[in-house]
Amino acid sequence: MVAHEIPAVVRRSPLPARWAVGAAHTAALTAVPSGTWRITMGLGVPVGFDTTGLGAPGWFSVVCVAMGLGIEGLTLLTLGLVRPWGETVPRWIPVVGGRRVPPLAAVIPAALGAITLMLLSIPNAKGFGGAEGAPTGPALVVMDACYAPLLLWGPLLGVVTISYYRRRRGQ
């Protein structure tokens, strides 16, 4: 079969609104500063956080890198709410590839995630000053600046989830 003869993917729901696509991409970027800060700390670069007894660099480094990449991976899932793979499972995935994603299979975990993120982040909205081992002075300002974008992840995920639900309801 010639490339131009490959049938296009049939979209079953309307395209996502531009604002929803922008919100999803912004949500996917919210973990980059904190992940960079965390990985930097894990590699043993002095960022002002007391890592005494944590084995940095060492096993603590592995934990920091895994957390940084894992959290970024979770933020990237927000893109599924505005991309075709959030409506149809990619064909390369064994067993379920090519199947339609039931809307609630995406909406329920995304909504629970948004609520959980907001509940976890709201108490830290004032910053990390006073937390055990937290840096002080300019290092605290840098740490707080790196973690501040995470405050947006929950609300952004929430509005993108509502947009996804509205586009896909009734399917």
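Over the Cα atoms of the range 23-74, compute the convex hull volume and normalise it per residue, giving Å³.
Dividing the Cα hull volume of the range 23-74 by its residues yields 59 Å³.
Using 1/(1 + (r/R0)^6) with R0 = 22 angstrom and r between the beta carbons of residue 89 and residue 32, what's the FRET efficiency to the nearest 0.05?
After rounding to 0.05, the efficiency reads 0.25.
State, in angstrom, two size descriptors of the chain derived from its alpha carbons: Rg to one decimal place and Dmax to the nearest whole number.
Values for the chain (Cα only, Rg and Dmax): 19.6, 64 Å.
Rounded to whole Hz and in sequence order, give me ³J(HN,Hα) for the range 22-30 from the Karplus expression 6.51 cos²θ - 1.76 cosθ + 1.60, θ = phi - 60°, writing x for Gly and Pro.
Running phi through 6.51 cos²θ - 1.76 cosθ + 1.60 with θ = phi - 60° gives x, 5, 5, 5, 5, 4, 5, 8, 5 Hz.
Where does the charge balance sit around residue 44 when Lys and Arg score +1, Asp and Glu -1, over other residues with C-beta under 14 Å from its C-beta?
0
How many Å² of accessible area per residue for the chain, probe 1.4 Å?
Per residue, the chain has an accessible area of 60 Å².
Roughly how many whole Å is it from the C-alpha centroid of the range 30-60 to that of the range 89-166?
Using only Cα atoms, the two centres lie 21 Å from each other.
Ignoring any ligand, DNA or RNA, what whole percent of the accessible area of the chain comes from carbon and sulfur when the probe is 1.4 angstrom?
71 percent
Considering amide H positions built from the backbone, and no H for Pro or chain starts, which residues 5 or more places from residue 88, or on another chain, come under 5 Å of its amide H?
For residue 88, the qualifying residues are 101.
Do any trypsin sites (Lys or Arg not before Pro) in the range 96-171 lie in a loop, going by DSSP, with at most 16 other beta-carbon atoms within 10 Å of their beta carbon, and if so which?
Qualifying residues, ordered by number: 99, 126, 169.
Where does each of 151-161, 36-46, 57-67 land if you order them by average Cβ count within 10 Å, highest first?
Sorting 151-161, 36-46, 57-67 by mean packing, highest first, produces 151-161, 36-46, 57-67.
The values are calculated or read from the model by the stated rules, or taken from the named source; none is laboratory data. Quick caveat: nothing in here was measured; it's all calculated off a predicted structure. Every residue, glycine as well, gets a Cβ built from its backbone with ideal geometry; the counts of neighbours run over all protein chains shown. Just so you know, the surface numbers come from the protein's heavy atoms only, side chains and all, with ligands and any DNA or RNA stripped out. Shrake-Rupley method; radii C 1.70, N 1.55, O 1.52, S 1.80 Å.
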